[in-house]
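For reference, the structure is listed below as structure tokens.
Laboratory data are not the source of any read-out in this text; all were calculated from the coordinates shown. Remember, it's a predicted structure, so these values are computed and weren't measured experimentally. Neighbour counts run over all protein chains shown; Cβ positions are idealised from the backbone, glycine included.
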Amino acid sequence: MVQFAETKSSDRDSVSEPSNSSTSGLSDVDDSANDSLKRANGPGDRKKVSKKRTKRWSKDGGISEVNPGLSSKRRNSLSKAARDPRDEPERKRKKKAKVEGTVTRSPSPVIDFDGLSRPSRGTRERLEESTEQAAARLERLQGAVRTILECVGEDPDREGVLDTPTRYAKAMLFFTKGYQQNVKDIVNNAIFHEGHNEMVIVKDIEIFSLCEHHLVPFTGKMHIGYIPRDNVIGISKLPRIAEMFSRRLQVQERLTREVANAIMEVLKPQGVAVVMESNHLCMVMRGVEKTTASTITSCVLGCFERKEKTRNEFLSLVGLNRGFA
Ligand SMILES: [Zn+2]
């Protein structure tokens, strides 16, 4: 029993925590995703939560509904006489902790139940919109582009830019088409039991993404490696997962991490490593204006995180070991 719980928790940790996520180069740092990871995980956090709950129980005699999310789990005790929560048998508490663990384990920080990954209100609206709604969206976006043209000092009615709002609006929706995709559809059950347990690498995957801070492109190459646990994923799925996440507003650090976490989640391999090198136009065309600077981010999970040898093998196979070894 205990062993089962332990395996589960270590498995969960390795899946969802990008604990070795390193960055070099000048780049914007994204904290929000990290925070949500911290919130969702870690045995320490779980302890804290259950402590808090114990406190609440003693305050209101064990029948309170302070947290509506917990009410369903407590319903049984409502019919029973109120009693000191300290009297609760050990067995029951354990069970609760386990249920809680399950909740934090799935959905993962990157993939929710419908596979959308980090959906916001707008993501769902866009995914489920009707043809009319799509047309209305395009029109609104066109209006915004016309405003941009006016604001930069152009005449939006000049012949050369007359169709620019339409063209740009369509292009923008294409650049962000990843919001309308989800991991489950992309993988589409292309996971095969092969008994293969050697490293698989897809390198030099071209990435075109938009920096969420400036809405200008960053482009580069991503290298993805994993060590299967008997199951392999259809090889073309790796670039498609990378494509899905890159066709959203991104920061490179999060993009790298989301791809790694998604593969870890759908395939459950022994480990995943993702490295990305890219050039940010917001750095090249403005700001520090360093045209040759490239930003490298990496996220290694599972055995790539634990074993330096495995990690180095991956980095040298993708030709990046010089800076990391
Ligand atoms: Zn930027």
Principal semi-axes in Å for the range 121-179 [√(5λ), Cα gyration tensor, largest first]: 25, 11, 10
Qualifying GluC sites (Glu not before Pro) in the range 248-325, DSSP loop, other Cβ atoms within 10 Å at most 13: E289
R167-M285 pseudo-label distance in nm [points 7 Å out on the Cα-to-Cβ vector]: 1.5
Within the range 274-291: backbone nitrogen closer than 15 Å to the I148 label point (7 Å, Cα to C-beta): 281-282
Additional length obtainable on full extension of the chain from T131 to R306, 0.36 nm per residue less Cα span: 58.1 nm
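Exceeding 19 Å between C-alpha atoms, which entries from my cross-link table qualify? They are K184/K268; K221/K307; K184/K237.
Working: K184/K268 14 Å; K221/K307 24 Å; K184/K237 11 Å.
Violating the 19 Å limit, Cα to Cα: K221/K307.
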Label point distance in nm, N321-I201, each placed 7 Å from Cα along Cα→Cβ: 0.9
Amide H partners (placed H, <5 Å) of R229, local residues excluded: Q270
Derived scalar couplings ³J(HN,Hα) [the range 231-238; Karplus, 6.51 cos²θ - 1.76 cosθ + 1.60; whole Hz; x for Gly, Pro]: 9, 10, 9, x, 4, 6, 6, 5
